[in-house]
Structure formats: structure tokens, C-alpha cells
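To start, the structure under review is shown below, and the notes come after it.
Quick note: the coordinates plus some simple rules give every number you see, no bench work behind them. Computed from a prediction, not measured in an experiment: that's the story for all the values here. Using ideal geometry, Cβ is built from the backbone for each residue, glycine included, and neighbour counts are taken over all protein chains shown.
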Amino acid sequence: MAILVTGGAGYIGSHTVVALLERGHDVVVVDDLSNSSEASLERVEQLTGKGVAFIKADLTDKPALDAVFEEHTIESVIHFAGLKAVGESVEQPLRYYQNNLISSMNLLESMSSHDCWDLVFSSSATVYGDPEILPIPETASTGATNPYGRTKLMIEEICRDVAESDPRWRISLLRYFNPVGAHPSGMLGEDPNGPPNNLVPYVMQVAVGRRDQVSVFGDDYDTPDGTGVRDYIHVIDLALGHLAALDHLPKGCDSYNLGTGNGASVLEIIQTAASVSGADVPYEITDRRPGDIATSLADPTKANTELEWRADRGLEVMLRDAWNWQSKNPHGFNPPE
Ligand code: NAD
Ligand code: WQD
């Protein structure tokens, strides 16, 4: 019996595969490598001393997905695979709807036809849009502000409907806040294609000298220092959240916030990154980024109690591990020749 990890070569997926292997699970990864490289799985194998069954396939290819379930006995699935860049989703909405929705529907269909009913899905705090309540509980109203976020909301709804239709389903929708950091070994981490969209990888590329300075998107928000506040969560804590979710799958379908409940501003991130790395992190204040909100903060109480999970790594550890990864792999998994 194995756990199928879709998108397991990616950033969060690869860290979760390590945690699963360390827990003694057999793991099958399906990934089309559209935003990752097989090098991450080679590092996973080096780190754990264990093998991973890897199938390069696109989940929108239903026969290829069915073949995975026929070749392997899958007991449960963690579904990370998806496109995730907000700006790109505004420019290419159909690509996002096609990829994220078709993949997820194919997966649900292949699972049920192969008698596999346990699913953990990567949702996102983006489903809360501009939140009315802080910290945000799972009961807060939802409403995404871009096509990427809408794919997450739609997949959540599809999962709820599917779970209604057959009592055998157990589906956990995990709403991640802002995942950052890297494996403490420095062997695994986030390796974005092109200029990073997210703050921490951008800050790290400035610290390592690949980029000149960080643009701080606005200092006139209603926050303590005027810059955006987010609930950053260490990717290792997030990976462990998936193991906890597998151990505590609900009957039917339910959602859980995975965050720390603590906020950090853009300037705090820059200052902490400079202090843990010892590098200069120059920045300039620029206009707000369209679509950004002032503050996003999880209420993680439900995951703390029902999943018996807590994110306990603090900001310094997150940024120290991100720096360890970046400084050891300044160009990511596949450095230029
Ligand atoms: P990632 O891009 O590193 O990993 C996603 C993986 O899915 C990649 O390896 C990519 O090659 C693969 N993939 C994409 N489409 C596929 C398809 N059709 N078939 C097979 N493989 C496919 O991203 P990540 O940061 O590890 O995110 C994992 C999941 O978590 C995504 O669903 C993302 O939307 C969600 N999420 C991420 C964040 C974040 O900030 N990183 C926050 C909230 C939610
Ligand atoms: C964090 C803060 C920016 C870059 C995004 C997605 C969300 C989720 C996580 C997947 C904000 C500021 C950023 C920069 C900056 N992904 N910033 N300069 O926007 O909270 O969330 O990633 O589900 O859906 O929207 O994360 O890291 O982009 O930004 O000042 O170069 O840093 O304004 O306040 P965000 P982020």
C-alpha cells in the first residue's frame, strides 16, 4: 500500500514526501515537472536513504492517471499538483481552469473507480479573499479575487459535492497560509522559475546577490509599520500538517487552516533575513501590488485541536533555513553550466 503524492516534485510536495518516507510510508509521486525538476526527488532519496516511485505524467491525462492506480495499490492521496501563480492566472485563466480543475476531477474519478477514498487537498488562504475577521477562522466567508484562487474555491466545492455523494469519502481541505523556509539540511527548498512572485524567495535572491533590491509593495497599509502582514509558516511544519491530516481524516469533507496565528510584516521579513544571513538586503518602497490585502492571519485552533498539529517553528528558523538552502544552492536544483 502506498500514498500517492501528486505534484510531489514541487516545493511543498517534496518536503512532504520526505516526512512520509521518514514515517515509513511507501510513496508514489506523479508530477509532469511543469514547475519542478526530478532533481528534487533525487535529493529526497539522498536525504532519506529511501526510494520513491516516480511517474512523469500530466493529471489531465486520465488514462495515464488510471494506469498509476492500476500499477500501484494506493491507500490515500495528497493532491499538490496545480498551477499556482496569481498574476499568470489573470493572464491565462483558461489554462488555470483547465489544469487545476480537470486534474482534480480526473483524480477524484480515478480514486473512486479504484476504491480509494482518502484525500488531502492543497487549498489556500487565498479562498478568504480580503478577510472580514482576523485571525481568520474556517467559518469565515470565502471569495477569491483571481482565477487561481477561484480554482481552489471550485475544487473545494467539487470535493464537498463528491463527498456528499458517497459516504466512503474522507477529504481534508488544507488552507495553507504563506509557506516559506526549506529543509534544514539545505538540500531541498523553493526553486521558482524566473523572478520570484513571492516575498521570501525574492528576499533570498537579493541576499545571495542574484538580484539588486527588494521592492516593498506599499507602506501605507493599515498595519503597524504600514507594510503587508502575513502568517508565514515553515514548510516543514506544513509537511507535518499533511501527516496529521492523514491521521485524522474527517468523515465526508472538511477544511482546516494551516498557519501559525502570528503575523510578520514585509519589513520584519527583510530585517530578519538580513540578520540571519549576515547579508545586505537593500529595498525600496514602491506602489502597492494590485489585488494585495493588508493582513492575512490564520486562526489555527481547529487544526490544533482536531488534527493535533501545531506549527511551532518561528520566523528566525524559517528564514535561517531558507537562507541555508539559498546560499548552498544559489541557482536552485539545476545550476547553469
Ligand atoms: P509547486 O509548483 O512547487 O508544486 C506543484 C507541482 O505540481 C509542480 O511540481 C508541478 O510540476 C506539478 N503540476 C502542476 N500541474 C500538474 C499536472 N497537470 N499534472 C501533474 N503535475 C502537475 O507549488 P507548491 O508551492 O509546492 O504548491 C503545492 C500546492 O499547494 C499547489 O496546489 C498550490 O496551489 C498550493 N498552495 C501553495 C502555496 C504557496 O505559497 N506555495 C500556498 C497555498 C497553496
Ligand atoms: C507577501 C507580502 C506583498 C513580493 C501569495 C498568493 C497566495 C498564496 C501565497 C498560493 C505581501 C509583499 C511580495 C515582493 C513585497 N499562494 N511583497 N515585495 O501575496 O500573501 O500570497 O502566495 O495559494 O494565493 O497570493 O504572498 O509572498 O507574494 O507576498 O513587498 O517582491 O509581501 O505585498 O504583503 P501573498 P507574497
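How do Thr73, Thr139 rank when sorted from fewest to most other Cβ atoms within 10 Å of their own Cβ? Walk me through the numbers on the way to the answer.
Values: Thr73 13, Thr139 10.
Ranked by crowding around the Cβ, least crowded first: Thr139, Thr73.
Name the residues whose placed amide hydrogens come within less than 5 Å of the amide hydrogen of Tyr176, ignoring near sequence neighbours (fewer than 5 apart) on the same chain.
Amide H neighbours of Tyr176, under 5 Å, 5+ apart: Ser123, Ser124, Ala125, Leu258.
What FRET efficiency comes out for the pair Thr286/Arg210, r = Cβ-Cβ distance, R0 = 25 Å, nearest 0.05? Could the numbers behind the result be given before it?
Details: r = 19 Å, r/R0 = 0.76.
Between Thr286 and Arg210 the formula returns 0.85.
Compute the orientation-averaged projected area for the chain from the convex hull of its Cα atoms and round it to one decimal in nm².
Value for the chain: 16.0 nm².
Using θ = phi - 60° and the Karplus curve 6.51 cos²θ - 1.76 cosθ + 1.60, what whole-Hz ³J(HN,Hα) does each residue of the stretch 278-287 get, with Gly and Pro shown as x?
Each residue of the stretch 278-287 in turn: x, 9, 6, 10, x, 8, 9, 7, 10, 5 Hz.
Add +1 for every Lys or Arg and -1 for every Asp or Glu among the other residues with Cβ under 9 Å from the Cβ of Thr260, and state the total.
-1
Which of the listed residues, Gly218, Val206, Leu246, is farthest toward the dipole's positive end in the chain, when Lys, Arg count +1 and Asp, Glu count -1 at the beta-carbon?
Val206
Could you tell me which of rounded, prolate or oblate describes the stretch 116-230, using a ≥ b ≥ c as the square roots of the eigenvalues of the alpha-carbon gyration tensor, with rounded for a/c under 1.5 and, failing that, prolate when a/b is larger than b/c and oblate otherwise?
Oblate is the answer for the stretch 116-230, as a/c is 1.5 or above yet b/c matches or exceeds a/b.
What list of ³J(HN,Hα) couplings, whole Hz, do you get for the stretch 293-307 from phi and the Karplus terms 6.51, -1.76, 1.60, once you set θ to phi - 60° and write x for glycine and proline?
Computed from phi, the couplings for the stretch 293-307 are 10, 5, 9, 9, 8, 7, 9, x, 4, 5, 5, 4, 8, 6, 9 Hz.
Suppose a student asked you for the relative contact order of the chain, using Cα pairs under 8 Å spaced at least 6 residues apart; what percent would you report? Don't skip to the answer; put the middle values down first.
On the way: 690 pairs, mean separation 64.0, N = 337.
Contact order relative to length: 19 percent.
Hey, what number do you get for the chain at 222 nm if only DSSP H runs of n ≥ 4 count, each worth -39500 (n - 2.57), divided across all residues, to the nearest 500?
The helix-only estimate for the chain comes to -11000 deg cm²/dmol at 222 nm.
By the gyration tensor of its Cα atoms, with a ≥ b ≥ c the square roots of the eigenvalues, what is the shape of the stretch 63-156: rounded for a/c under 1.5, prolate for a/b over b/c, or oblate?
oblate
Can you tell me the 0 to 90 degree angle between the C-alpha axis of helix 11-22 and the longest principal axis of the chain, rounded to 10?
60
To the nearest 10 degrees, how steeply does helix 147-165 sit against the main Cα axis of the chain, on a 0 to 90 scale?
Helix 147-165 and the main axis of the chain meet at about 30 degrees.
If you count the DSSP beta bridges with both ends in the chain, what percent of them are antiparallel, to the nearest 5? Don't jump to the answer; show the numbers that get you there.
Numbers: 2 of 42 bridges.
Of the beta bridges lying entirely in the chain, close to 5 percent run antiparallel.
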